Amino acid sequence: MSSGPLQDRFFSVVDSSEFTSELIEDLAAGRCAAVRVADFMPREMCERTLRALEAASFDTYGKQRVEPTVMRFGVGVSDYRSDGVMVDSYWAAVDEARTAWLGLDLPADPFQQCRAALSAAWPGGVRVGSRGGREMGAGVAREANQGFRVHFDDAAGEFSGNLLDSPLVAQFAFNLYLSVPEVGGETVVWRHRWQPADEALRIPDSYGFSEEVVAGDISFELKPSVGEALLFDPRNYHAVRPSRSTRRIALGFAVGLTDTGELLTWG
Ligand SMILES: O=C(O)CCC(=O)C(=O)O
Ligand SMILES: [Fe+2]
């Protein structure tokens, strides 16, 4: 799947019928870059969740920071950061998001289902992370019809000190796709991690960078399918291409591996 003449056997996508502790360890250790599990969530559960979300009203991520617009149902901590510090209004937003998700009246909490499936693979345990003893948000439904710009995610760099009560030794991004376009909507990941010189290519006040930042780097492009889960290392620059047809809706949360071997999630 890599493009360009160079190959890197560690920069690979692994397709698996399930997440396993070995695959999660490989991701943490950098022996692979992404793990993809088709039909991770039963079709019926996906459809039910999607129908409920289609009838719900989404908010937008901060318009200045996230342009083109990405819609969200639920809360993402990236909107509650000021000078590397999480702002306290996050907690009210988390409460509001919990109520909004309960209001969808789903037979089961899809974030909990995702954590349960990861738990089956991970003996160290999986739970929603906490900060100051308070449980973080479980995750967010994101609608990125116009795509995501080239960016990376790394709580250790974005927040000063520990974001969660436990120190993290690795961070992953989890996505579960509920609605994907036939044309467009691909996730592209580049074999490039942030380095200081990249700052010259950051789009002012944005989460994103100019595409130039990954020019010439090895990449892979993933075409998501409904029900599929993707776990990847978001320190590698990545982007989502605009959709050309249907809405592109995915459930997403961050996953951190703690120094005691637990997996903690947050949104
Ligand atoms: O929607 C996707 O495929 C990836 C979104 C993203 O930027 C992330 O999960 O960090
Ligand atoms: Fe991301």
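Numbers at a glance
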item	result
Separation in nanometres of the label points that stand 7 Å from Cα toward Cβ, at ARG193 and PHE10	0.8 nm
Percent carbon-and-sulfur accessible area, region 13-266, ignoring ligands, DNA and RNA, probe 1.4 Å	47 percent
Surface accessible to a 1.4 Å probe, per residue, for the residues of the chain, Å²	46 Å²
Cα-only Debye scattering, region 13-266: base-10 log of I(q)/I(0) at q = 0.10 Å⁻¹	-0.45
Relative contact order, percent, the chain [alpha-carbon distance under 8 Å, six or more residues apart]	28 percent
J(HN,Hα) series, region 24-41, from Karplus relation 6.51 cos²θ - 1.76 cosθ + 1.60, nearest Hz, glycine and proline x	5, 5, 4, 5, 5, 7, x, 7, 8, 10, 7, 10, 10, 10, 6, 6, 5, 10
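The values are calculated or read from the model by the stated rules, or taken from the named source; none is laboratory data. Because the structure is a prediction, the values reported are computed rather than measured. Methodologically, a virtual Cβ is constructed for each residue, glycine included, from the backbone with ideal geometry; neighbour enumeration extends over all protein chains shown. Each accessible area value is taken on the protein alone, full model and side chains, heavy atoms only, with ligands, DNA and RNA left out. Shrake-Rupley method; radii C 1.70, N 1.55, O 1.52, S 1.80 Å.
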